[in-house]
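First up is the structure itself, then whatever we jot down about it.
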Amino acid sequence: MRAPDPPLVPSLLWTPALLWQSAGPRRLRVGADRAQAELDLLATDGALVLYDPGACSASLHLGRAALPLPLDVGPETPWRVAREIARRGARTVAVVGGGAAMDTAKLAIALAAGSEPRYAEGPPSGLALLTRAGRPAPALIAFPTTLGTGSETSGVARMAVGGRRSRLVCSATLRPEGAVLDPCLTDTLPAPLLAAGAMEILLRLIGPLLGPHPMGASSSAWLMETAVLVRRTADALLAPDSPTGWDGSAGPHGRAGLRLRLATISAASHGVWPRVGASPFAFLLWYFADTAAAVTGTAKNTALARLFPAYLERALGAPGRCAWADGDRARQVARRLFPEEAATGNCAADFRAAAARLLRRWGVALATPLDADPVELGQAVVASWPRALTGLTPQDAAALYEAASGSTR
């Protein structure tokens, strides 16, 4: 009798969640006009407000205790902000800004409480952890002015370490105490950033479905149905040939509602319950994009956009579950997201082209190839994320990067 095949990944990766994914924000406020009301309450309580001066709406009144965040997000930035938090003795901190601003505030809060990041100084590793805090940390309330990052509800933050490198710092203490989602916070967000945010939300939902790790049926169903909702919402908000939303909305108020829907889904996508039964390392495409962004010095979403169509094609070509993907589940995803192509056949190349067309319709640029040697990228991603990419060799990874450098019809 033939012995069963060994698992594709170590058993630890099959656990439902890691420690930093174990909870959500204690307070989540959603709706129009919530941001100013919450900021006014925080000002009354003497909270320190950190803000990105390039991302705040002019209609917001931040109060006298507002402090602009440094525009340069370098290795020393979180430490500088932490010292200011400690100097002011803030017990509550609010942050108004995008993903970089929220990550800076989250790290500064942890540093002000005496935690320190720990990561390997030798071979590159994508993860870092925080030491135990030595004193109580201020409460953090996040006001996201962008879509897609979900930093307002996640227990991770990006920390620059110099040389165009960064680490993903992970700790339950990084998750904000609360978050406020208000369409006024995204009313000045440029169309390209709206498009990039919608893409990031969509890929966070379908990424685990395309990947090889087992998932619970309820989680798979939630991710799939929500991904379809994101596509329809983003089509109504971004596609030039969709002046009226699929739900009948039109005009400024309707667009605000569509932005708020995307923001709410983005916040919810970082919760544990949508991923019960899934590996915390299931989103393989993110690891490939993270390395490509770090090596080439480009934005992560630029790398995601370039890699997604090629990765989708590779996942659809898998006969079943392999180290790359769950082929059967990937084909279900493609048929739901791209029903027009599904009606005419199941050619992986056609779905790749459909994915590229969708991103272009939304306004996501795909023209720039990844400016790096695929072999170098393949070696770097496997070295940085060995736990997440168990079963893949540098040669396998290089093949994906090579495929992504080709044409996107």
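The values are calculated or read from the model by the stated rules, or taken from the named source; none is laboratory data. Note that the coordinates shown come from a computational prediction; the quantities given were computed from them, not determined experimentally. Methodologically, a virtual Cβ is constructed for each residue, glycine included, from the backbone with ideal geometry; neighbour enumeration extends over all protein chains shown. These area figures cover heavy atoms from the full protein model, side chains too; ligands, DNA and RNA do not enter into them. Shrake-Rupley method; radii C 1.70, N 1.55, O 1.52, S 1.80 Å.
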*Given Cα pairs under 8 Å that are at least 6 residues apart, what percent is the relative contact order of segment 33-86?*
34
*Take peptides 183-193, 308-318, 85-95 and line them up by average Cβ neighbours within 10 Å, highest first, as a rough protection proxy.*
308-318, 85-95, 183-193
*PRE reach from Val161 (point 7 Å along Cα→Cβ): which of segment 353-393 fall under 13 Å by backbone N?*
383-386
_Solution diffusion estimate, µm²/s, Stokes-Einstein, segment 134-204, Kirkwood Rh from C-alpha pairs, 10 °C, viscosity 1.306 mPa s_ = 114
*Which value in deg cm²/dmol, rounded to the nearest 500, describes the helix-derived mean residue ellipticity at 222 nm for the chain, given -39,500 (n - 2.57) per DSSP H run of n ≥ 4 and division by the residue count?*
-14500 deg cm²/dmol
*Please work out how much length the chain gains when fully extended from Arg387 to Glu402, using 0.36 nm per residue of separation minus the C-alpha to C-alpha distance, in nm with one decimal.*
3.1 nm
*Can you give the FRET efficiency for Glu376 and Asp72, using 1/(1 + (r/R0)^6), R0 = 35 Å, r = Cβ-Cβ distance, to the nearest 0.05?*
0.80
_I'd like the carbon and sulfur percentage of the solvent accessible area for segment 337-409, probe radius 1.4 Å, heavy atoms only, ligands and nucleic acids excluded._
55
*Take every DSSP beta bridge with both residues inside the chain and express the antiparallel ones as a percent of the total, to the nearest 5.*
30
*Just one of (i) 57, 45, 43; (ii) 67, 53, 40; (iii) 79, 55, 40 is Cα extents along the principal axes in Å as worked out from the coordinates here. Which one is it?*
(ii)
*Please give the FRET efficiency for Ser59 paired with Ala191, using the beta carbon to beta carbon distance and R0 = 22 Å, rounded to the nearest 0.05.*
0.65
